[in-house]
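Asker: To start, I am sharing the structure in question, which I have written as structure tokens.
The values are calculated or read from the model by the stated rules, or taken from the named source; none is laboratory data. None of the values given here were measured: they were computed from a predicted structure. Cβ placement follows ideal geometry from the backbone for every residue including glycine, while neighbour counts extend to all protein chains displayed.
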Amino acid sequence: MSPKKVVVLFAVICCFGSSQLFAITITAPPAGALPEAVIALPYNGGAGVQFQCDYGGQKSWTIDASSPDLLPSGLTLTAGTGLLNGTPAIGTDGIYTIVVRVACSGACIFPPPPPDTETYTLTVSNGEPIQITTSALDDGIYGQAYSFQVDTTGGVGALDFSNTSGLPNGLSIGQTTGLISGTLDADAYLFAPYSVTLDVEDSNIPPTTHSVTLDLDVPAPELKILTSALPAGEIGTTYTTTTLSANGGVPAYSWTVTGLPNGLSVTGGGVISGMPLAGTEGVHQINLSVTDNDLPSSQSDTTIITLSISAAGTNPLTITTSNLNVAEEEEAYSPVILTAAGGTSPYTWSAVGLPNGLELDGDVISGEPLEGTAGTYYVNTVVTDFTGDQASAMLMLIVEDPDGASSSGSSLPVGSSINLVGGGGSCTIYHGQGFSWWYQAMGMLGLAILFCVRNMRTAQ
């Protein structure tokens, strides 16, 4: 119950014998509930509450000694103005009953009017609990920097973010900022999507917490078939075992091939072998289709190539160039003359994948690699003979940086496979920081080179 208010009227007798009555009365806000305050937030949006009275002279505002409660920590009542303002401190939530007093101060009339009081209730709440409002994370790009801000609402004071599980290698979340940042591994797409659990805790007493689990996807590079032609075959002669080539996507690849001549077959892994049977001479249209292992949304690619089968006793067309000279940025390249055997001359040549600055003119690769082209390139060379038969080979060309620094050039993404025909043995080429490219030659016969490329992480 509010204290009973007694208004005392004072009579001032002037020298002329007349009288004037004076009183102090709090006029605003009315007794009762004040606007609610929220911990750690400026009171009433920063405006606070202005107390007013009907006395125009100098006055002083205080919390009366009879008040059941004092103001919560962080809020103050300014004596000279009557403004209640501030930011409630953490841990001050609750309901407060306060008695506000106003009195004449300074040069008051005589006798001075008595002070006035009003009783109010002030509720200090914890506000809204902390909540993560981010509903989805941006996709990442393998091998590149990533940055994403996790958003929240509610909560009190400083926030503490953490990741309990699921972030890809190379990424972390700022403990005080909620910023997910870092650089994704070059093979991050192989393990995507990631189920990322994020937690946040505020500074309230006791703290409020919130946790969400969101997917972070790192799409695989586009799946592309690299094989553009097949080695020619001869009736009655064992066909050169050939493994179809693709890059991008997520290994392992599954192949479907239609149009092979009788006697030849293909495995699901893309290995073509066998012996062409009689009556299969001619040029065959071969339909290639490959699907990767990027579940649940696998990628696929298709293409059409040709396969030439010659009569028994003829000499099939083959590419005999097995390697390309090493190049250096901004230095004249030592020309390479592409060579072939078999088939019917003259030959015509094409090449895809040369670094900027090098070109194929007829059967000669020459030029000067441009600045910034250092790296490992895979050049798809195709020779066509006079009858239209074709043979292809994927040849590796390395462009060195004159300063010795490594560069990605147009090297293939992690998980690519490049399959070339012929040669034997194996070698290891160290490429970049923390990676090695393993090339194993497949088979003893052939046209050019058949490499299976794997990307294996090595010790840092």
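Asker: Which of the strands (runs of 3 or more DSSP E) found entirely inside the range 123-239 contain at least 1 residues meeting this: at pLDDT below 90, surrounded by 16 or more Cβ atoms within 10 Å (Cβ to Cβ) and out of contact with any strand residue (DSSP E or B) (no Cβ under 9 Å at 6 or more places or on another chain)?
Answerer: The strands (runs of 3 or more DSSP E) meeting that bar number zero.
Asker: Another one. Just one of (1) of a type outside the set (Gly, Ala, Ser); (2) surrounded by 12 or more Cβ atoms within 10 Å (Cβ to Cβ); (3) on the phi < 0 side of the Ramachandran plot trips up Pro346, so point out which.
Answerer: Of (1) of a type outside the set (Gly, Ala, Ser); (2) surrounded by 12 or more Cβ atoms within 10 Å (Cβ to Cβ); (3) on the phi < 0 side of the Ramachandran plot, only one is false for Pro346: (2).
Asker: Ok, one more. When you go through Tyr194, Tyr189, Tyr120, Tyr146 one by one, which is the residue that is under 30 Å from Cys53 (Cβ atoms) and in contact (Cβ under 8 Å) with a residue 12 or more places away in the chain?
Answerer: Just one listed residue meets the conditions, Tyr120.
Asker: What pairs come up if the first residue lies in the range 290-310 and is at pLDDT 90 or above and surrounded by 15 or more Cβ atoms within 10 Å (Cβ to Cβ), the second is part of a strand (DSSP E or B) and aromatic (Phe, Trp, Tyr), and their beta carbons are under 6 Å apart, counting only those six or more places apart or on different chains?
Answerer: Close Cβ pairs (under 6 Å, with a partner that is part of a strand (DSSP E or B) and aromatic (Phe, Trp, Tyr)) amount to Val290/Trp255.
Asker: Regarding the range 39-60, can at least one residue be identified that is farther than 21 Å from Thr117 by Cβ, in a strand (DSSP E or B) and assigned by TED's automatic domain parsing to the domain that holds Tyr120?
Answerer: No.
Asker: For the range 240-252, indicate whether the set of residues that are surrounded by fewer than 20 Cβ atoms within 10 Å (Cβ to Cβ), in contact (Cβ under 8 Å) with a residue 12 or more places away in the chain and within 28 Å of Ser308 (Cβ to Cβ) is non-empty.
Answerer: Yes, some residue in the range 240-252 is surrounded by fewer than 20 Cβ atoms within 10 Å (Cβ to Cβ), in contact (Cβ under 8 Å) with a residue 12 or more places away in the chain and within 28 Å of Ser308 (Cβ to Cβ).
Asker: Regarding the range 314-329, can at least one residue be identified that is surrounded by 14 or more Cβ atoms within 10 Å (Cβ to Cβ) and of a type in the set (Asp, Glu)?
Answerer: Yes, some residue in the range 314-329 is surrounded by 14 or more Cβ atoms within 10 Å (Cβ to Cβ) and of a type in the set (Asp, Glu).
Asker: For the range 8-38, name all the residues that are at pLDDT below 90 and part of a strand (DSSP E or B).
Answerer: Within the range 8-38, Phe10, Ala11, Val12, Ile13, Ser19, Gln20, Leu21, Phe22 meet the criteria.
Asker: A further question on this structure: If you check Ala332, Ala252, which single one turns out to be more than 30 Å from Ala220 (Cβ to Cβ) and either touching a helix residue (DSSP H, G or I) at 6+ places or on another chain (Cβ under 8 Å) or of a type outside the set (Asp, Glu) (or both)?
Answerer: Every option except Ala332 fails the conditions.
Asker: With the condition kept exactly as written, say whether any residue in the range 257-274 is more than 21 Å from Val218 (Cα to Cα), assigned to a strand (DSSP E or B), without any contact (Cβ under 8 Å) to a residue 24 or more places away in the chain and assigned by TED's automatic domain parsing to the domain that holds Thr320.
Answerer: yes
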